[in-house]
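Student: After the structure tokens below, expect a handful of questions from me.
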2 protein chains.
Amino acid sequence: MAGKDVAVSPLALPLPEVPPIEGVRLGVVAAGIRYVGRADLTMMEFASGTTVAGVFTRNRCPGAPVDWCRQALKGGRARALVVNAGNANVFTGKAGREATRATAAAAAGLVGCKPGEVFLCSTGVIGETLPHAKLTAALPGLHAGLVPEGWAEAARGIMTTDTFPKAAVRTATIGDATVTIAGIAKGSGMIAPDMATMLSFVATDAKIPAEALQALLAKGTARTFNCITVDSDTSTSDTVLVFATGQAKHPRVPKEGGAVLKDFARALEEVLHDLALMVARDGEGAQKLIEINVTGAVSAKSAHRIAMTIANSPLVKTAIAGEDANWGRIVMAVGKAGEPADRDLLSVAVGGTWMARDGGVIPGYDETPVVAHMKGREVEITVDMGLGRGKARVWTCDLTHGYIDINGSYRS
Amino acid sequence: MAGKDVAVSPLALPLPEVPPIEGVRLGVVAAGIRYVGRADLTMMEFASGTTVAGVFTRNRCPGAPVDWCRQALKGGRARALVVNAGNANVFTGKAGREATRATAAAAAGLVGCKPGEVFLCSTGVIGETLPHAKLTAALPGLHAGLVPEGWAEAARGIMTTDTFPKAAVRTATIGDATVTIAGIAKGSGMIAPDMATMLSFVATDAKIPAEALQALLAKGTARTFNCITVDSDTSTSDTVLVFATGQAKHPRVPKEGGAVLKDFARALEEVLHDLALMVARDGEGAQKLIEINVTGAVSAKSAHRIAMTIANSPLVKTAIAGEDANWGRIVMAVGKAGEPADRDLLSVAVGGTWMARDGGVIPGYDETPVVAHMKGREVEITVDMGLGRGKARVWTCDLTHGYIDINGSYRS
């Protein structure tokens, strides 16, 4: 995870220009938690009146910062975010809880807010005590240097095994006003978000009640972060937070949101989508991005389970790494999902070419476009179940020697 | 899968001496289905009166031979078994059903029985039509040469990606009589049996009613084949069949089995256990055999799910490949299982040394025995949930470059 010479993912995207979001100041500093010679502590300060929404891992052994954020989220207000990389503060018992309490208190003192308005995230090694004295010692200098332009540095500051920084920006209209949504994310391994991915932070200058923001985030996450997987391993620290600073001038948004947020919802989902796919693109060892579409399932939930079962199948993922359009393994994965399936109604396409239909291979189908598609960086699989109208789309990456290299010597 | 120069698993065990089982004659022949220069067609003939029990994959897209065996099993009687390697006859539509019908008819003609007393299994590539004319052409010569001593050849004849043949033998007493149980198995990849593993065939000279035999097999399978996983991918062809020829002289066994079968049940489970662990030992790319014990769960079912989630975690499996006793990843896997868990009651031991307890690492625990244990061929993990009395034990292997090598170029 730390400081290895891992090549940048061949699926990396360039970091977009992220403009300042009114009401957000941010920055990074090297607190020396684990990494040497790089920033590892990131802070954001939000204007008074900022609302917040969050979704978290469903892992039953969450980290202390996840517990802290869940509690803080009840207030619906945020003034600061503090994120450290290199130590996840997970499975650290009382010491972990003490670390979150002390860090939040220190940040609250600097910002002039309640500790419950400070959100905390930690990412890195599990099971080692977080040296929070290093965080609290570094916070005053970090806070003094916060600026509106620090998004690129923040995107880098939260990285662990990531090989490239991840950010996305959209604008949306609320009434006649234009608002901006900016987000960053980190994540590469232990990616099978069951509510969110490792860490993602989104901010907007829009003024959105916490209830409405939470509803939009939950809906957007279900179609983005909850639709990616790298290795089926759900992290103990997954967190997505959205902050709305309320600095933009636009018609008042009611608690329940509604039609006035239609364009904002579209833009927010696009930001979440971009960030989620960047995480899949940076999957440990990834050489190919894989999109899996399942149609014709008995329900959307069933389609999602089938798609994720295909996405998590080591045999499907290694076949794609080997550029083999092995639809037999796809059929196997469909069958093991435990969802309603009729072998004789199944159809499978790769790169838009139908290869199997009605319970067997399509005689004489043209292999040429399939072979060409498999050699590309982006592979698309479609499975039609032939049963109903349920559909789902998920993304993953292939399983390569790179994954074994990275994870077979993580702590050594 | 076919004819690669893959080194024999470092976890391989020697093939035991398998004595003849009265009422069973068997043999192999090279039918040229896929492999060159090796036997790929195996046949067993059973004495008149042989009963049979079977368990099969729960994959929703099973192969045509699985459909055939499920139907044949209703009769409870068996006179022949025909197994081919190299082609799984899965997702082959009408041609697949025709192949099973024709093969069973040919075997029945040779043995002098009904087609419904012939059991069929196929293993190998999915989605290619089985050239059953090659099978039926080879069957007369194969049948003419069946002998009681052919177990070692049969264990080799059913192999695909396996690197060593697998067999196990036990004796048991029923009343004052001694009976023998012999079994063979194949399996290496696509191993996450949800009812059975790839293929395993067990025969005994005991005289056991089909109902009693089925009950013993179901119980034994639940604690053996259903407790191993190589890669979480449930095959479309998993089949375990047990044949009881009834040639031994012993007290009559009632339909419902019962106390008279106590020692036989013990011996059968030991055979199934040995064969299942050989499959885990021959997991694709395996360098280490991993035993996972979960205790203190709310129920046995919950413990099993947690143990299988740990066993299927790529991050746990790669850590063990890297000889890293990364208990943080074990905690992550416990948490993602979706079963009741309390982080602060969890304890984790590796090789008998407790490393984590009460929600955190045990301060000053002795790393020396843990490091030594991780360097061995057999790794033991124990997780105590601290919640109840449910327990489970499962086995898997590590995830190494060998797995990627084997599966990244399977068909090319």
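Since every read-out is calculated from the coordinates, none of them should be taken as a lab result. Predicted model only: the values in this text are computed from it and were never measured. Note that we place each Cβ from the backbone using ideal geometry, even for glycine, and neighbour counts take in every protein chain shown.
Student: Would you mind getting me the FRET efficiency between A:Asp358 and B:Lys114? Use the beta-carbon distance for r and R0 = 22 Å, nearest 0.05.
Tutor: Efficiency computed from Cβ-Cβ geometry: 0.10.
Student: Among A:336-344, B:137-145, what's the highest-first ranking by average C-beta atoms within 10 angstrom per residue?
Tutor: Peptide ranking by packing, descending: A:336-344, B:137-145.
Student: If you scale each eigenvalue of the Cα gyration tensor by 5 and take the root, what three semi-axes come out for the protein assembly as shown, rounded to whole angstrom and sorted largest first?
Tutor: Equivalent ellipsoid semi-axes, largest first: 54, 29, 21 Å.
Student: Count the DSSP beta bridges whose two residues both fall in chain B, then state the antiparallel fraction as a percent rounded to the nearest 5.
Tutor: Antiparallel: roughly 70 percent of the beta bridges in chain B.
Student: Here is a further query. In the structure displayed, which of A:Lys74/A:Lys249; A:Lys255/A:Lys301; B:Lys219/B:Lys255 lie more than 20 Å apart, Cα to Cα?
Tutor: The answer is A:Lys74/A:Lys249; A:Lys255/A:Lys301.
Student: Could you work out the helix-only [θ] at 222 nm for the protein assembly as shown, with each DSSP H run of four or more residues adding -39,500 (n - 2.57) and the total divided by the number of residues, to the nearest 500 deg cm²/dmol?
Tutor: So the helix-based figure for the protein assembly as shown works out to -9500 deg cm²/dmol.
Student: Can you list residues whose amide H is under 5 Å from B:Val125's amide H, if they're 5+ apart or on another chain and H is modeled 1.01 Å from N?
Tutor: B:Gly86, B:Asn87, B:Ala88
Student: Continuing with this model, one more query. State the Cα centre-to-centre distance between the stretch B:54-78 and the stretch A:220-286 in whole Å.
Tutor: Cα centres, the stretch B:54-78 to the stretch A:220-286: 46 Å.
Student: Let me ask you something else. Counting other Cβ atoms within 10 Å, keep those with at most 10, restrict to DSSP loop, and tell me which trypsin sites (Lys or Arg not before Pro) in the stretch B:352-386 are left.
Tutor: Listed in order of number, the matching sites are B:Lys375.
Student: Nm distances between the label at B:Lys114 and the same-position labels in the remaining copies, 7 Å along Cα→Cβ, shortest first?
Tutor: Shortest to longest, the spacings are 7.7 nm.
Student: Report the calculated FRET efficiency for A:Thr178 and A:Ala218 (r = Cβ-Cβ distance, R0 = 30 Å), to the nearest 0.05.
Tutor: Result of the calculation: an efficiency of 0.75.
Student: Taking the Cα-to-Cβ direction at B:Val147 and at B:Ala30 and moving 7 Å from each Cα, how far apart do the two end points lie in nm?
Tutor: About 1.8 nm separates the two model spin labels.
Student: Any idea what the relative contact order of chain B is, in percent, if you count C-alpha pairs under 8 Å spaced at least 6 apart?
Tutor: Over chain B, the number comes to 18 percent.
Student: Can I ask one more? Only bridges with both residues in the protein assembly as shown count here: give the DSSP antiparallel percent, nearest 5.
Tutor: 70 percent
Student: At a 10 Å Cβ-Cβ cut-off, how would you order A:Leu26, A:Leu13, fewest neighbours first?
Tutor: Ascending Cβ contact count within 10 Å gives the list A:Leu13, A:Leu26.
Student: Select from the stretch B:230-292 those GluC sites (Glu not before Pro) which occupy a DSSP coil region and have at most 12 other Cβ atoms within 10 Å, ordered by residue number.
Tutor: Passing both the DSSP loop test and the Cβ count: B:Glu256.
Student: Please work out the C-alpha center-to-center distance from the stretch A:353-400 to the stretch A:88-122 and express it in whole Å.
Tutor: First find each Cα centre; the distance between them is then 47 Å.
Student: Hey, another quick one. Within 10 Å of each Cβ in peptide B:228-236, how many partner chain Cβ atoms are there on average? Round it to a whole number, please.
Tutor: For peptide B:228-236, the averaged partner shielding equals 5.
Student: Here is a follow-up. Mind checking the mean number of beta-carbon atoms from other chains within 10 Å of the Cβ atoms in A:355-364?
Tutor: Average per residue, whole number: 3.
Student: Sticking with this one: Starting from the stretch B:1-85, pick out the GluC sites (Glu not before Pro) whose DSSP state is loop and whose Cβ has at most 15 other Cβ atoms within 10 Å.
Tutor: Those satisfying the criteria are B:Glu17.
Student: So the label point sits 7 Å from Cα along the Cα-to-Cβ vector; using that for B:Pro251, what distances do you get to the other copies, in nanometres, sorted shortest first?
Tutor: 8.7
Student: For a quick check: sort A:Met332, B:Met44 by the number of other beta carbons within 10 angstrom, fewest at the front.
Tutor: B:Met44, A:Met332
Student: To continue, here is another question. What does the copy distance list look like for A:Pro363, label position 7 Å along Cα→Cβ, in nm and ordered from shortest?
Tutor: 7.6
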